[in-house]
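The next block holds one structure in the form of C-alpha cells; read it before the comments.
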Amino acid sequence: PRKMNGSTGVMADEVLQAATLLTQALQLPVVLWDERLTSVEAERSMREIGGMRRKKRTEHVDTLAAVILLQSYLEGKRLQE
C-alpha cells in the first residue's frame, strides 16, 4: 500500500516481499494495484444509496472496497488493450 503522497512504508515492503514469494512459488505473475481510497469510495457509495445503518455499512465496507478495487483493475486492463 502506498501513502497518499505516493511514498511507500513498511507494509508496502512486506507486500512486495509476499508478491515475490507468490510469483516464485506459483510461477504466475502477481499484479500489484493501487488500492488507495477504495474504502473511502465504498463508504461514500453506501451513504449515497442510503437505507443502511452505520454499523451495517461498516460491516460491508471492505467487501465493497474489494469490488471497487477489482473493477479498477479490470478497467485498467481493458484500457491497456
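Derivation of every value follows stated rules applied to the coordinates shown; laboratory data play no part. These numbers were taken from a predicted model, which means no experiment stands behind them. As a convention, Cβ positions derive from the backbone with ideal geometry for all residues, glycine included, and neighbour counts pool all protein chains shown.
May I ask for the Kirkwood hydrodynamic radius of the range 14-81, worked out over all distinct Cα pairs and given in angstroms to one decimal? Don't skip to the answer; put the middle values down first.
Working: mean 1/r = 0.0720 Å⁻¹.
About 13.9 Å for the range 14-81.
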On Cα atoms only, tilt of 38-49 relative to the major axis of the chain in degrees
20
Just to confirm the number: angle between the C-alpha axis of helix 10-26 and the first principal axis of the chain, 0 to 90 degrees, nearest 10?
60
Report the trypsin sites (Lys or Arg not before Pro) located in the chain that are in a DSSP loop and have at most 10 other Cβ atoms inside 10 Å of their Cβ, or state none.
R53
